[in-house]
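For reference, the structure discussed in these notes is given below.
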Amino acid sequence: MWTLFAGLVGLIIKAIEQRLEIVGRILARFIGLAWSIASVFVIPIIVREEQDANPVSLLKKSAGILKRTWVRH
């Protein structure tokens, strides 16, 4: 499921980049950067927690790990 979800998000980002000119390229780059950062821990989460196959919850867990690591409380 994760591969399908990640591929779909990549396709959407690419479509935004191609349809809109310079603003679309800048926007797509920022969205792509945010996507890459948020999804960095998805694979380790998949390996550790096999029962959870929902791509949205995997992405939320990955972003939560980054938030707990980098955001001061």
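Where the accessible area of the stretch 1-60 is counted over protein heavy atoms with a 1.4 Å probe, how much of it, in %, is carbon and sulfur? So the carbon and sulfur contribution to the accessible surface is 69 percent. Computed on protein heavy atoms with a 1.4 Å probe, the accessible areas place 30, 41 in the order 30, 41, largest first. Take every Cα pair under 8 Å whose residues are at least 6 apart in sequence, average their separation, divide by the length of the stretch 1-58, and the relative contact order is 36 percent. The label point for residue 11 and the one for residue 43, both projected 7 Å from the Cα toward the Cβ, are 2.2 nm apart. Here the dipole of the chain is about 300 debye; that uses its Cα centre as origin and unit charges on the Cβ of Lys and Arg (positive) and Asp and Glu (negative). Quick one: Kirkwood hydrodynamic radius for the chain, alpha-carbon pairs, angstrom, one decimal? Here the Kirkwood hydrodynamic radius works out to 13.3 Å.
The values are calculated or read from the model by the stated rules, or taken from the named source; none is laboratory data. What you see is a predicted model, and the numbers here were worked out from it, not measured in a lab. With ideal geometry, Cβ positions are generated from the backbone for all residues, glycine too; neighbour counts draw on all protein chains shown. To get the accessible areas, we keep the full protein, side chains included, count just its heavy atoms, and leave off ligands, DNA and RNA. Shrake-Rupley method; radii C 1.70, N 1.55, O 1.52, S 1.80 Å.
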